[in-house]
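First the structure, in the form of structure tokens, and then the observations on it.
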Amino acid sequence: MKARPGYAPNPADQAGDSIEALREAASTCRACPLWEKATQTVFGEGPAHAPIMFIGEQPGDQEDLAGRPFVGPAGLILARALAAAGIPREQVYVTNAVKHFKFEVRGKRRLHKKPVDAEIAACHDWLRREIELVTPRLLVAMGATAVRSVLGRSTPIKLNRGKLLEYACGISLLITVHPSFLLRMPEEDKDEEYRRFISDLKLAEPFLR
């Protein structure tokens, strides 16, 4: 079929029908400027047909260097919370709404910067194809950026967290905070918020069966 004049084929849709092919195609994505400063694309990982997909915002400093999602401080919190909720991490798929690390340099440190709507939109087709190929029964959107990418609009997390919602036919949606939120909490509030996070994740555990 001939392409329409002025129509650029979508790389995510042309990548093939496997997660590995999609990962390879995403590694050369130039849809937004974030690739210019990032070390590499950080794609999702986990079983090819995991029943649960966890979606975060973007890779952090350690993820950018390692090329793997959720291996930094927020990833350690997520791993602990998953274990406490009875969810083996090796049985779920973890990814991010944005695949490149957005940051600003301060001294010798690279500090996280929140992706803007255009960057979230530029990466959306990669996430859409991940969902289509993995075919999870549950999406867990962690944080505002993940929610915006999944739903295509902003949604108050406080009003919707800890509820099982319908995303699409056969796929449910659970909204919760991003584990990095817990890192920023005042010390006196961390334990309570961590328990709430685990409580949210426990709603996901039945989808493993």
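Observations on the model:
- Near pairs, Cβ below 6 angstrom, 6+ apart or cross-chain, from the stretch 78-95 (touching a residue at least 12 places away in the same chain (Cβ under 8 Å)) to any residue that is assigned to a helix (DSSP H, G or I) and among the charged types (D, E, K, R): 82/89; 85/202; 85/205; 86/205; 87/205; 95/130
- Pairing residues of the stretch 19-46 that are on the phi > 0 side of the Ramachandran plot with residues that are exposed (fewer than 14 other Cβ atoms within 10 Å of the Cβ) and among the charged types (D, E, K, R), at Cβ distances under 9 Å and at least 6 apart in sequence or on separate chains, gives 46/90.
- Sole exception among (1) crowded, with 16+ Cβ neighbours inside 10 Å; (2) assigned to a helix (DSSP H, G or I) for residue 24, by number: (1)
- Residue 76 being in a helix (DSSP H, G or I), at pLDDT 95 or above, within 28 Å of residue 196 (Cβ to Cβ) and not basic (Lys, Arg): yes
- Residue in the stretch 149-166 that is closer than 14 Å to residue 200 by Cα, free of Cβ contacts under 8 Å to residues at least 60 places away in the same chain, touching an Asp or Glu at 6+ places or on another chain (Cβ under 8 Å) and not charged (D, E, K, R) present: yes
- Helices (runs of 4 or more DSSP H) within the stretch 111-209 that include 3 or more residues of a type in the set (A, V, I, L, M, F, W, C) and within 19 Å of residue 79 (Cβ to Cβ): 179-184, 187-202
- Any hit, the stretch 184-196, residues being surrounded by fewer than 20 Cβ atoms within 10 Å (Cβ to Cβ), over 18 Å from the mean Cα position of the chain (by Cα), basic (Lys, Arg) and at pLDDT 95 or above: yes
- Residue 90 vs. criteria over 11 Å from the mean Cα position of the chain (by Cα), assigned to a strand (DSSP E or B) and either of a type in the set (Asp, Glu) or surrounded by 14 or more Cβ atoms within 10 Å (Cβ to Cβ) (or both): no
For every residue, the table says whether it meets (1) in contact with a Pro (Cβ under 8 Å, 6 or more places away or on another chain); (2) exposed (fewer than 14 other Cβ atoms within 10 Å of the Cβ); (3) of a type in the set (S, T, N, Q).
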site	(1), (2), (3)
77	yes, no, no
81	yes, no, no
114	no, yes, no
119	no, no, no
130	no, no, no
151	no, no, no
156	no, yes, no
172	no, no, yes
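The values are calculated or read from the model by the stated rules, or taken from the named source; none is laboratory data. If you're wondering where the values come from, they're calculated on a predicted model, not measured in any experiment. Positions of Cβ are generated from backbone atoms using ideal geometry, with glycine treated the same way; all protein chains shown enter the neighbour counts.
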